[in-house]
Amino acid sequence: MFRRINKNIIIIILFQFVLLVLYYNVPNNKEEYPRHKTYEDENKSDKNASKYIFNCTNINSIRLFKYDIGGGMSKTIDIGTFEGETVVVKRLSPRKNPKERDAQFREVLFMKDILMRDQLDHPSIIKMLGFCVNHLKHDIDIYQGYLPFGDISAVYEFGKEFRIAEAKFKIEDRLNHALDIADLISYLHHSPLGSLKLVDFLPYDHFLMVKGKIKLIDLDYINNVEPTCYFSSGCSYYNITCQPLNSYEIQYTNCKSTNNCTIGVCRGTNLKHNMARFTESFFAHLLKPELYPLDKQKILIQLLQRLDKHDIYIDDLLDELRGIKQAFLTFKENL
């Protein structure tokens, strides 16, 4: 009996094995394994997955017609067209030869600008259309005749220079621009990278008009570091109180815990800094009371006073501007 059972079990196992072999060898219209991707498949996949139009394979397809129109001592900016659209190409230029330290510093800033644009997304930040990093400075042997530069390029949407103090905007356009800028300030404060501060802020150099919208174009001197303070003395600017460090911030101090730490952070300084700079450079011109109907001038005077005194939060500013715009549109409809 024992032998028969063993023999039967062996027969059953063998029979199942044969069935499995037959099953996996039967022709099937469906592919059992994914086929190897061709170059064409990879190309399609990359285009679908990528948020950028340009990379190292096609950046040289841009037809340049203006060269070296600006960019500082080591960067150059060219203007070109691609499929009928005007685009801007910024690159580290081998035609300019700063000191060795400056070359390294500029390369870092160039890469930082690319990385920041990759992580930030707002309608009032210039759109990056792609980039190409062929090599960095330390990848080349400068003693073999190479200039001390990496080969890095980035492509952006095209914008035009403008001077806000001289711009002739309609009232509705002024309010729209003011709302866009206020929304940008809010985004920078609540960004994925933390509260961001625009350190290098020149309205004529760092903003362009892109298809009727004011856009920030330089992010290389932006940071998310708020100033530290001592609880004994407090913060120096904007009437901000010294606040305790969080668990992340305390890692960069000599404090072992937040309980006995005498160092704090002036949280909110970056936001106040941005609001002050935008008020001076944009809101003072866009919201100039004498350019508006009489019934709106008092509201705008009070709003600008609150901005000058740093006495308004960004959410309240957005609400105020929306209310002024809605009131103006209602007034306009009833004319």
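The values are calculated or read from the model by the stated rules, or taken from the named source; none is laboratory data. Remember, predicted model here, so these are calculated numbers, not experimental data. Ideal geometry is used to build each Cβ from the backbone, glycine not excepted, and the neighbour counts take in all protein chains shown. Areas reflect the complete protein model, heavy atoms only, side chains present, ligands, DNA and RNA absent. Shrake-Rupley method; radii C 1.70, N 1.55, O 1.52, S 1.80 Å.
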Cross-link pairs beyond the 30 Å C-alpha cut-off, checked among LYS112/LYS215; LYS213/LYS298; LYS75/LYS168: LYS75/LYS168
Residue-wise HN-Hα coupling along segment 238-249, computed from phi with Karplus coefficients 6.51, -1.76, 1.60 (Hz; x: Gly, Pro): 6, 6, 8, 8, 6, 10, x, 6, 8, 5, 6, 5
Sparse-neighbour loop sites [trypsin sites (Lys or Arg not before Pro); segment 167-199; at most 13 other C-beta within 10 Å; DSSP]: LYS168, LYS170
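Roughly speaking, to the nearest percent, how much of segment 200-335's 1.4 Å accessible area is carbon and sulfur? If you can, show how the numbers build up before the last one.
Values: 4000 of 7950 Å².
Answer for segment 200-335: carbon and sulfur cover 50 percent of the accessible area.
From the protein chains alone at 1.4 Å, what is the descending order of accessible area for THR228, THR269, THR258, largest first?
Descending accessible area places them as THR228, THR258, THR269.
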Would you kindly state how much longer the chain becomes between TYR313 and TYR204 on full extension, computed as 0.36 nm times their sequence separation minus their alpha carbon distance, in nm to one decimal? 36.6 nm
Segment 260-276 - phi-based ³J(HN,Hα) in whole Hz, Karplus 6.51/-1.76/1.60, Gly and Pro as x: 9, 7, 8, 9, x, 9, 8, 5, x, 5, 4, 5, 4, 4, 4, 5, 5
Rounded to the nearest 0.05, FRET efficiency between SER236 and ARG163 (Cβ-Cβ, R0 30 Å) equals 0.40
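Can you work out the FRET efficiency for the pair TYR67 and TYR252, with r the C-beta to C-beta distance and R0 = 45 Å, to the nearest 0.05? Before the final figure, lay out each step's value.
On the way: r = 44 Å, r/R0 = 0.97.
That pair, TYR67 with TYR252, gives E of 0.55.
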Amide H contacts of LYS75 (H built 1.01 Å from N, under 5 Å, at least 5 apart or other chain): SER93
